[in-house]
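A quick write-up on the structure given underneath.
Please treat every number below as a calculation from the coordinates, not as lab data. Computed from a predicted model, the values in this text were never measured in an experiment. All Cβ positions, glycine included, derive from the backbone under ideal geometry; neighbour counts span all protein chains shown.
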Ligand code: AMP
């Protein structure tokens, strides 16, 4: 059975067609510059040549049709016709306070996605357009919305409430939601399986360290806390996002630099993080590592601050859960940067945690890098959000 996974941005559409019998990727691809001159489809069918198509695609309806056409194309396609797709799983950014699980799309679900436009102004409108484009192209096809905020829906008020006037929560639903939920859910489940934990008696921390970064505390398979907040800006230091700061910095710097609040928030999202801290060396850890290895002081300070922040959150979440059985690193940096894992774990000796540097430096894919006798398992588990969405889609539809 095949599931199509779609992730629509305002001018882009990423897709994967997954054969769920063996969870293999049949094809994946990307449509870029939708609605902008120079639209382009790049299609990568498994075992066949890459296909690119350059023609104007004025909206997501045209882009969805182009994807369907190439999936059934005689030369570059991977299925004979659209009836070989059982369902479509859509990544949706924000489900607000309404959804703590994935759900089959109906008019109510679409209304909620619309209601959450102001919580996810860049993503939710595009996500809804993608769903409606699929409904128009394939009216009989079931669509499932998989929300990035859903995993955080199990948090208790003590974890999700901010210490601001209660009326802002009541009137505007201002609270912690958390993001990267699909990844945290997938990786925490895989951690329980891989570490051989009893799901109903398990305490797991997942550090999703990518260009965006967040960390979650998961007790018995449920998220009890996570570092991103009302928006993805809070928490860890990221590629270009600041993570936690004193909110008074916004007014202070805005006054000094004659900036609006909107301009300041843009700086905190796009010009900060390791990119800003290193005075623009890079948001990419490969460049920062190269600079650190040459002794660049700013790169060294930046990476030290980055790993210190991750370690502080691990300490906080260990306290929140009154213990931890396994800590898992995932996403671009978490999976590929042994020195980042070492620098974080250096803070965690008090937990009786020890890592095996040989495994840490040399192992690939999914692995356990805890040393013999470590009281806490330390793992690397590659995240796979598309597969997570496909699995959720099957589960919601009972397929
Ligand atoms: P993600 O958002 O999960 O795709 O992660 C992207 C980030 O992961 C990049 O900005 C890099 O900093 C980092 N990254 C990706 N691949 C590698 C690699 N092979 N070695 C070190 N860092 C990597």
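Exposure proxy ranking for 184, 208, 43, based on other Cβ atoms within 10 angstrom of each Cβ and starting from the fewest, stands as 43, 208, 184.
Pairwise alpha-carbon distances in the stretch 38-90 exceed 19 Å for 30% of all pairs. Distance between the C-alpha centres of the stretch 226-257 and the stretch 22-48: 34 Å, rounded to the whole angstrom.
Shown for 272, 24, 282: other C-beta atoms within 10 Å of each C-beta, ranked fewest to most, produce the order 24, 282, 272. For the chain, find the longest principal axis of its Cα atoms and tell me its angle to the long axis of helix 385-397, 0 to 90°, nearest 10. Once rounded, the angle reads 60 degrees.
For the stretch 123-221, the spread of Cα positions along the three principal axes, ordered from largest to smallest, is 45, 42, 28 Å. Put simply, when 353-366, 79-92 are sorted by average Cβ atoms within 10 angstrom per residue, most first, you get 79-92, 353-366.
For the stretch 26-180, the square roots a ≥ b ≥ c of the C-alpha gyration tensor eigenvalues yield an a/c of 1.5 or more together with a/b exceeding b/c, which makes the shape prolate. Along its principal axes, the stretch 168-260 has C-alpha extents of 55, 33, 18 angstrom, given from the largest down.
Here the translational diffusion coefficient of the chain follows from Stokes-Einstein with Rh set to the Kirkwood radius across Cα pairs; for 25 °C and 0.890 mPa s it amounts to 110 µm²/s. No solvent, one uniform scatterer per C-alpha: report log10 I(q)/I(0) for the stretch 260-399 via the Debye equation at q = 0.10, 0.18 1/Å, two decimals. Debye curve over Cα of the stretch 260-399, log10 I(q)/I(0) at q = 0.10, 0.18 Å⁻¹: -0.45, -1.11.
If you count the DSSP beta bridges with both ends in the chain, what percent of them are antiparallel, to the nearest 5? The antiparallel proportion sits near 70 percent. Sorting 147, 285, 179 by the number of Cβ atoms found within 10 Å of their own Cβ, with the fewest placed first, yields 285, 179, 147. For the stretch 54-115 versus the stretch 314-387, the spacing of their alpha-carbon centroids is 35 Å. The Rg/Rh ratio for the stretch 198-326 is 1.04, where Rg is the radius of gyration of the alpha carbons and Rh is the Kirkwood radius.
Classification of the stretch 67-156 by its C-alpha gyration tensor yields a prolate form. The axis ratio a/c (a ≥ b ≥ c) is 1.5 or more, and a/b outweighs b/c. The sum of -39500 (n - 2.57) across all DSSP H runs of n ≥ 4, divided by the residue count of the chain, sets its helix-only mean residue ellipticity at 222 nm to -11000 deg cm²/dmol.
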